[in-house]
Every structure is written in structure tokens, then in C-alpha cells.
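J.: One structure is given below, represented as C-alpha cells, and several questions about it will come after.
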């Protein structure tokens, strides 16, 4: 990694940087968030030694992970989402890769690359070192964006959903919605590693082609072309569904419940089709009774409850990446200014794979 | 137990009894089943030794358990219910207590009292001895109807739901719908034994009084008087719900999902509010997204998957009954002719506790 221009000034007792950051200007209960809700500002930030508390460090942000769950942090209510909300006028946070540029924790030294689950969406910040999830080995041969993709939020979500909660056996029939998205691409590959038959749904014919050719899915369908999800699932799952990793909720979940096998598992990773609506406007699932007869287990999960498993996950996943068993497709948008458009793009079906904002090279 | 008149004839080589039974005349997709669907007939049945295959026996039915899930066996479709359907023109089956009157299995002798999960709803029948779940000790001090109540289908369902799947801790907040029904009365008592705070919903003020006075519920409400279940649950669960044993589905389940605590468990025992409707007419649950943020586990169960635990359950429950910790309220209707009205009564809110048909004294 090349040192940035800023580092030249580090010995200056009055080291102050101008840091551009995204802050919450207004909550957004419905619809896709826009520039009324999230705004940019540039603030001076002192990085002089005295400005950094003990067990804190100065972080230079390199890459920011853009994930659908961030949407749920700016509704301003606990209406069905229950995640900690962003605070008005405060900088927002996201999963990120950054570089330690001044440390007051002896475990980290200047130049260390670190993975931070709740990093300010800012060029520079001063945060507690307890927020660091892991150091990144720059010589690992794995690209930094991959640490936010297969080795970050979506890869970990896929691993918890498929390996921990879904637990499919070889030959199990696995269905994954939003299959060409960041979670879906990782989940499909993890299920294939387990020897499953894996089918995905996604939003275009090109994406169907992609999940089959690049992510190893056995087959898939374009939900925009299916007028009746029940018919589609009958075709793709003549032997029923054993595991459904649900990323969308609503009508697709309802259709799946008409095709579940005995003791099917449905890990609920998120429900992107429902995020932009208030709850009384969401699509009701009418056939939960099917869960009784088929003894289905449906379980929601949040990564925060599984951090103690992150080491197991990272070890598995790094092995798969190095062996070429898991590939990640990353859409990298340049500049912190691109964060809002990147977030909005998650809700327009325009993306494939993982969306990352590159703040610094 | 007094011998019946029939036994006098046992040495007769041409021992034939007239047996009255209920058979399926027509499936019933919607509404409460009536005499168009289930009909009575009396058929001659040879109980002579040559008529009984090896490892079979002749059963004289004493008490029949009338359970809501029987409704799901006569829809004629697998529309969301997935239980084995009754066959047209064939005698229907139910959980029953009976007496062995002629055995071709050396493990059972004439006069043994037995519990049979799928006994013909008939005065007499010849069935495989493999259908016997357990022998009943006539000297146990426990009444025969209690073997169909706290020690039968509803008691076992309550035990699986509360002890195995719900697994509440002392002080947990437990909610039980259909609380004065056969499952609810047992479930509430089991949760109290675990040291929980237990609230029930039921269909009348008298039933609310009953669950508090006889089944140990801390409190309860009459759902027919509540215009907004959300408001009711806010009042009764200021600290949220940890375990919800769902017996009704629909709007109550939706309201509960607005009050769940982190990692709440929702065992789905049945959905009596939904049984008499085709699935597209059922009430959609719009707030399943809450399951993600609260990491809720919802799991359907059928007793057939838990028979291997029946011994553990029966040992626990017999102890509780003998210690006076579990009481059962049983509504006993006399005569096999009363079976259809007994079944229909489950859907009219007219019952309290367990409904049993007494076939023989």
C-alpha cells in the first residue's frame, strides 16, 4: 500500500485533516433513501496525538461495504426492524476496510489493515480499537474488496444461513432468493460445496446466466418473468425444498411454503422486498399453517449474534477462496461521494454481486 | 373394570359383534364438518380367533379423544395441512383408550387397557398391536379420560411445545392462545411449573376466570372483547414475549410478532382459526420481517415426530398429576353417536378443556 499524502504531516503537532463524511439529515420511513435523508459534509478532524484517547486509533477508510441492512438503520422507528437506528446529524456507520494511521493501542501499529464492522462512513475517523474485528494480512493474496464480500457481511451472512441454520445434507434441495446479490452468490457456492442441488431466483435473464456460469448454481429463474411463483417452484423443485435462504420475504416466501419438504429450514437473512414499506402495507403470508404439517423451522438471524463464530467462518472461507471454490463479483464505485447512489442501487435490481465504495486506493 | 356382555360369548367359534362406527362419506374443504361428511353405520365384525391375524388384537374402545387436528384429516387436499387424509367410505381414526378383548400378540392379554394413537372410531376393531403406544395401569389412580387429556394428545402437544421447543427459563414471559382448550390448559400449567409468568387468551370472560383459578395462569384476556390485539399485548406484556405457543394463527400471531423479545421462540402447535378456510382465504401475516431483527425462531411440530419422547413426557406428567401440579378439565360426551357433535363443538368456542367421547364405561 502506498502511503497517502496525509501521512507526510503526521509529525506535525497540529495534524488536522479535512474529512468528508455522510450524515443522517432525516429519517426515511418509506421508499428508497435519497439526498434528503443522507447528506455529505466535510469536517476538520484533528489527528494530533493528544486528540486520540487511550485504546483508540485514527482510521483511514479504504473500502466501505454497501449492504441492504443499512436501509433498516434509517427508518427512524423500530417498526419491525429492531436494529439500532442512525442518529440525526451524526455520521452514519458501515462495515469497512481501513488503515491504522495513528494508534493508541499497542496491539495495532501504523499501517495495519483492519476490518471494522461499524466504521464511520467518512474518510477519516477516530474510534475505539475494540471495534476492530480482525487484522488483514496484506500478503494473503485476497483483494481488499473481497474482505467486504465473501469474507465480510454477505459472506458471513451466507455462511450463518447455509452452514449454521440451514445445514443442508449432500443432495438436499436448496433455494436461494436474490441469488445474484452479495449474499446469494456466496450462499449458492457454499451450498454447492456441501453437495446440494441449488436453484436461485433473480431479477433478469443475464443474472440467471451469471449465477449458473460464475457461482455454480444448478439452475435459476428470472422472477420478473414468472407470473406465478408456485408454478415456477413446481418446475424447479419437483422433489420439494429442504432449505430456503430467504433474502426477500413477501410473495416468494409464501410460494416457498407451498413447496417445503418435511423438516425444511428457512433461515431469514433479510427481506429486501419489504424494507421500503411500512409494516401494515407489507405482503401478508397466508400459508404459515403449512409450517405445522411440514414441521418447518423458520428463523431470523442477525450477524451480531454470531461474531463468536467469525473466526471459524473466516478460516473456512479463506480456504475456499484460495482453492478457487468461492468466487466473488464486486461492483466497485469510486469515491466516498458515491455512497448514497450505491445504497440506492441495491433496491433497483441494477446490481450484480457485492457493492463496495472505494474511498482510497 | 367390569367385563362387558360381549365377553360372555368369547368361546363361541362364531363370535360376531355389531360394531357402530363413524366413516368418511365426503371430504369437507371449508367450514365445520357435518353429517354430510361423517356418517354412522353399524357393521358386523367377526372376533373369532381365525379372524385375527398374528400380531393383531381385538380392541373394545372405551374413550375417544376429540382433537382439533382431526379436522385437518378430512379436507381431501394437502392444502397446507399435509396430514394423512381419511379415506372415503373407510372408518376414521382417533387417539383412544381401549381394552384388549382377544390378542394374538403374546405381549398383550385379554383385559389389558391400552392407549392407541390411531384407533378406529368404532365400538370394536381388529388392529395391529404395533399401534399400541402404551399399556395403562388400571391401579394408577389416574382416570381413563386423563390418559387422553394431560397424558394424551393435548398434554403431549403442550409438553413438546413448552418443554422441548419453547424451553422457557424461570421468569420468562409466556403467552398461550386458546388457553382454556385442551392444549392450553396443560401448557399453562407446564409453564408455571417452570417458573414463568404465563398469560392466556381465550374466548369468554368465564374462561379467563377459569384459566386463572384452575390452571394457574397469572392473567388472561377475552379476545372477543379486544378490538386491537396489539393494545392488549402491550398491556399484558410490558416486557415483551419470550415464548408464544400458537394454537390459533392469523391475526393473533401477527400481533404477537409486534411484541416478541430477542430470540423469542414460537412453537406452532396448530392454527384453529385457519382450519376451516382454504389457504388463499386465510389471514396473511404481514410482519414476518420482525423475525429477522428479533432473531425469532418459529417452528411447526407434529406429535408423530416426537413419539420417541413420549416415555419421558408420560413420566414427567404422571408425576405432576399425582403431585396435584397439573389438573385437567374434561368434557365427557356419552356414546359413540356423540362423536360428530363433539368434533364440531371444538370450533364454536363452546368448550372448556378436553373433549372426550365415552364409548363404554
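The values are calculated or read from the model by the stated rules, or taken from the named source; none is laboratory data. What you see is a predicted model, and the numbers here were worked out from it, not measured in a lab. Using ideal geometry, Cβ is built from the backbone for each residue, glycine included, and neighbour counts are taken over all protein chains shown.
J.: Which numbered condition in (1) within 25 Å of the chain's Cα centre (by Cα); (2) more than 14 Å from chain A (Cβ to nearest Cβ); (3) touching a residue at least 40 places away in the same chain (Cβ under 8 Å) is the only one that residue B:237 fails?
T.: If we test residue B:237 against (1) within 25 Å of the chain's Cα centre (by Cα); (2) more than 14 Å from chain A (Cβ to nearest Cβ); (3) touching a residue at least 40 places away in the same chain (Cβ under 8 Å), just (1) comes out false.
J.: Still on this structure: Please state which of the following conditions residue B:210 fails to meet, knowing it meets all the rest: (1) within 22 Å of residue B:171 (Cβ to Cβ); (2) outside any strand (DSSP E or B); (3) in contact (Cβ under 8 Å) with a residue 40 or more places away in the chain; (4) under 25 Å from the mean Cα position of the chain (by Cα).
T.: (1)
J.: Let me ask you something else. Among residues belonging to the stretch A:264-282 that are at the interface with chain B (Cβ under 7 Å from one of its Cβ atoms) and in a loop (DSSP other than H, G, I, E, B), point out the one that is farthest from the chain's Cα centre (by Cα).
T.: By that ranking, first place goes to A:282.
J.: Moving on to the next point. Working carefully through the options A:35, A:65, find the one that is more than 14 Å from chain B (Cβ to nearest Cβ) and outside any loop (DSSP other than H, G, I, E, B). Lay out the reasoning, then the answer.
T.: Values: A:35 fails: outside any loop (DSSP other than H, G, I, E, B).
The match here is A:65.
J.: Still on this structure: Can you tell me which residues in the stretch B:218-237 are touching a strand residue (DSSP E or B) at 6+ places or on another chain (Cβ under 9 Å), more than 10 Å from residue B:175 (Cα to Cα) and assigned to a loop (DSSP other than H, G, I, E, B)?
T.: Within the stretch B:218-237, B:218, B:226 qualify.
J.: Count, please, the residues in the stretch A:164-177 that happen to be assigned to a loop (DSSP other than H, G, I, E, B) and surrounded by 24 or more Cβ atoms within 10 Å (Cβ to Cβ). Step through it out loud before you land on a result.
T.: Looking only at the stretch A:164-177, we keep the residues that are assigned to a loop (DSSP other than H, G, I, E, B), and these are A:167-172, A:177.
Of the ones still in play, those that are also surrounded by 24 or more Cβ atoms within 10 Å (Cβ to Cβ) are A:177.
So the count comes out to 1.
J.: Related question: I'd like the full set of residues that are within 14 Å of chain B (Cβ to nearest Cβ) and without any contact (Cβ under 8 Å) to a residue 40 or more places away in the chain, limited to the stretch A:299-335.
T.: A:300, A:304, A:305
J.: Only one residue in A:245, A:268, A:289 is at negative phi and free of Cβ contacts under 8 Å to residues at least 12 places away in the same chain. Which one? Break it down into steps so the answer makes sense when it comes.
T.: Working: A:245 fails: free of Cβ contacts under 8 Å to residues at least 12 places away in the same chain; A:268 fails: free of Cβ contacts under 8 Å to residues at least 12 places away in the same chain.
None of the others qualify; the one that does is A:289.
J.: Oh, and also: Count, please, the residues in the stretch B:106-122 that happen to be crowded, with 21+ Cβ neighbours inside 10 Å and in contact with a helix residue (DSSP H, G or I) (Cβ under 9 Å, 6 or more places away or on another chain).
T.: First, pick out the residues of the stretch B:106-122 that are crowded, with 21+ Cβ neighbours inside 10 Å: B:114-116, B:119-122.
Subsequent filtering for residues that are in contact with a helix residue (DSSP H, G or I) (Cβ under 9 Å, 6 or more places away or on another chain) retains B:114-116, B:119, B:121-122.
The qualifying residues number 6.
J.: Identify the single condition in (1) without any contact (Cβ under 8 Å) to a residue 12 or more places away in the chain; (2) closer than 29 Å to residue A:212 by Cβ; (3) surrounded by 19 or more Cβ atoms within 10 Å (Cβ to Cβ) that residue A:350 does not satisfy, given that it satisfies every other one.
T.: The number of the failed condition is (3).
J.: Regarding residue B:230, is this residue crowded, with 21+ Cβ neighbours inside 10 Å, within 14 Å of chain A (Cβ to nearest Cβ), touching a helix residue (DSSP H, G or I) at 6+ places or on another chain (Cβ under 6 Å) and within 21 Å of residue A:282 (Cβ to Cβ)? Reasoning before the result, please.
T.: On the way: crowded, with 21+ Cβ neighbours inside 10 Å: no; within 14 Å of chain A (Cβ to nearest Cβ): yes; touching a helix residue (DSSP H, G or I) at 6+ places or on another chain (Cβ under 6 Å): yes; within 21 Å of residue A:282 (Cβ to Cβ): yes.
For residue B:230, the condition - crowded, with 21+ Cβ neighbours inside 10 Å, within 14 Å of chain A (Cβ to nearest Cβ), touching a helix residue (DSSP H, G or I) at 6+ places or on another chain (Cβ under 6 Å) and within 21 Å of residue A:282 (Cβ to Cβ) - is not met.
J.: Still on this structure, please answer the following. Could we say that residue A:333 is surrounded by fewer than 20 Cβ atoms within 10 Å (Cβ to Cβ), over 16 Å from the mean Cα position of the chain (by Cα) and modelled with pLDDT of 95 or more here?
T.: Values: surrounded by fewer than 20 Cβ atoms within 10 Å (Cβ to Cβ): yes; over 16 Å from the mean Cα position of the chain (by Cα): no; modelled with pLDDT of 95 or more: yes.
When the stated conditions are applied, residue A:333 does not pass them.
Yes or no, residue by residue, for (1) at pLDDT below 95; (2) assigned to a loop (DSSP other than H, G, I, E, B); (3) touching a strand residue (DSSP E or B) at 6+ places or on another chain (Cβ under 6 Å); (4) under 24 Å from residue A:306 (Cα atoms):
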{"site": "A:107", "(1), (2), (3), (4)": "no, yes, no, yes"}
{"site": "A:111", "(1), (2), (3), (4)": "no, yes, no, no"}
{"site": "A:115", "(1), (2), (3), (4)": "no, no, yes, yes"}
{"site": "A:125", "(1), (2), (3), (4)": "no, no, yes, no"}
{"site": "A:130", "(1), (2), (3), (4)": "no, no, no, yes"}
{"site": "A:140", "(1), (2), (3), (4)": "yes, yes, no, no"}
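J.: Does residue B:161 satisfy being within 14 Å of chain A (Cβ to nearest Cβ) and touching a strand residue (DSSP E or B) at 6+ places or on another chain (Cβ under 6 Å)? Before the answer, list the steps.
T.: Details: within 14 Å of chain A (Cβ to nearest Cβ): yes; touching a strand residue (DSSP E or B) at 6+ places or on another chain (Cβ under 6 Å): yes.
Criteria met by residue B:161.
J.: Residue check, residue B:211 against (1) within 11 Å of chain A (Cβ to nearest Cβ); (2) crowded, with 23+ Cβ neighbours inside 10 Å, all met but one. Which one?
T.: Of everything listed in (1) within 11 Å of chain A (Cβ to nearest Cβ); (2) crowded, with 23+ Cβ neighbours inside 10 Å, residue B:211 misses just condition (1).
J.: State all residues of the stretch A:178-204 that are crowded, with 24+ Cβ neighbours inside 10 Å and free of Cβ contacts under 8 Å to residues at least 40 places away in the same chain; if no residue qualifies, say none. Give the steps one after another, and end with the answer.
T.: Initial filter on the stretch A:178-204 (crowded, with 24+ Cβ neighbours inside 10 Å): A:178-191, A:198-202.
Selection gives A:188, A:198, A:199, A:200, A:202.
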